[in-house]
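Written below as structure tokens is the structure these notes are about.
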């Protein structure tokens with residue numbers, strides 16, 4: 001018997017969307033995603049987190065497709081433990097990071113390569129990031145780094161972040177783009193790399209039409225994801241200036257934003273064209 005959501009893809013951000021204020025998955029979100037999959041749907045995650053940072057949530061959720069990690073730089077298949085698609089940073093990224101290390105000595109600098117996280121310089125923000133997420137990392141220098149990078153994270157107090165943004169955007173950086181992923185994180189990504197573009201890659205890989213995709217997020221790094229999907233939603237806690245990007249606004253992440261979104265899909269009040 002045909003299931004009502006066969007051929008549909010639901011993709012959700014983690015922090016500020018799927019997760020509550022304690023970085024846990026609310027039970028109503030978990031049950032909603034399970035129902036979506038039981039009805040034949042495909043579910044996955046799109047996150048700025050690294051492969052290892054996202055792992056514990058992948059293991060709790062009924063993920064049945066490759067996961068978009070590092071804000072779109074990588075698609076990782078946790079069932080097969082392999083990278084299925086990647087968009088690495090250009091070689092010039094190393095020099096862009098060097099400028100920050102040399103000119104902004106108080107800014108923390110991390111980068112990710114495949115499954116491994118590296119710390120070039122720690123500060124209170126980056127050490128808290130590593131500790132909070134329980135991430136294994138390697139402390140290294142620019143002279144000892146691997147050749148392939150997927151993203152760079154700059155960590156700074158929120159009142160210092162505007163200086164980081166201005167510094168990074170003062171001159172043209174060929175082959176990269178920058179995005180704020182929290183009030184304290186500013187990330188360097190490959191030019192053209194974002195969650196929305198990677199949703200397109202994944203949809204082609206799974207042979208799912210974009211008009212059969214549903215996406216939900218909450219922050220600036222979710223903008224392209226919400227735009228790209230057949231139906232894009234924002235959690236109510238998203239910055240108000242992002243609201244026009246979405247097809248609808250659902251509940252706050254502390255109240256089960258994903259459950260609210262799935263509920264609207266199930267009852268037919270929204271659709272990604274014709275579900």
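Answer yes or no: is there a residue in the range 218-232 that is in a strand (DSSP E or B), touching a helix residue (DSSP H, G or I) at 6+ places or on another chain (Cβ under 9 Å) and in the same structural domain as residue 245 (by TED's automatic domain parsing). Write out each step before concluding.
The initial filter retains those residues of the range 218-232 that are in a strand (DSSP E or B), namely 231-232.
Pick out the ones that are also touching a helix residue (DSSP H, G or I) at 6+ places or on another chain (Cβ under 9 Å) and you get 231-232.
Then drop every residue that is not in the same structural domain as residue 245 (by TED's automatic domain parsing), which leaves 231-232.
Yes.
How many of the residues in the range 197-208 are surrounded by 23 or more Cβ atoms within 10 Å (Cβ to Cβ) and in a loop (DSSP other than H, G, I, E, B)?
Going through the range 197-208 one residue at a time, the tally reaches 0.
Working carefully through the options 163, 106, 211, find the one that is surrounded by fewer than 20 Cβ atoms within 10 Å (Cβ to Cβ), assigned by TED's automatic domain parsing to the domain that holds residue 55 and in contact (Cβ under 8 Å) with a residue 12 or more places away in the chain. Please lay out each step first, then the result.
Working: 163 fails: assigned by TED's automatic domain parsing to the domain that holds residue 55; 106 fails: assigned by TED's automatic domain parsing to the domain that holds residue 55.
The unique qualifying residue is 211.
In contact (Cβ under 8 Å) with a residue 60 or more places away in the chain, surrounded by 17 or more Cβ atoms within 10 Å (Cβ to Cβ) and within 25 Å of residue 25 (Cα to Cα), is that true of residue 262?
On the way: in contact (Cβ under 8 Å) with a residue 60 or more places away in the chain: yes; surrounded by 17 or more Cβ atoms within 10 Å (Cβ to Cβ): yes; within 25 Å of residue 25 (Cα to Cα): yes.
Spelling it out, residue 262 is indeed in contact (Cβ under 8 Å) with a residue 60 or more places away in the chain, surrounded by 17 or more Cβ atoms within 10 Å (Cβ to Cβ) and within 25 Å of residue 25 (Cα to Cα).
Checking residue 156 against (1) at positive phi; (2) modelled with pLDDT of 95 or more; (3) not assigned by TED's automatic domain parsing to the domain that holds residue 73: exactly one of these is not met. Which one?
Result: residue 156 passes all but (1).
The values are calculated or read from the model by the stated rules, or taken from the named source; none is laboratory data. Being a predicted model, the structure only gives us computed values, none of them experimental. Positions of Cβ are generated from backbone atoms using ideal geometry, with glycine treated the same way; all protein chains shown enter the neighbour counts.
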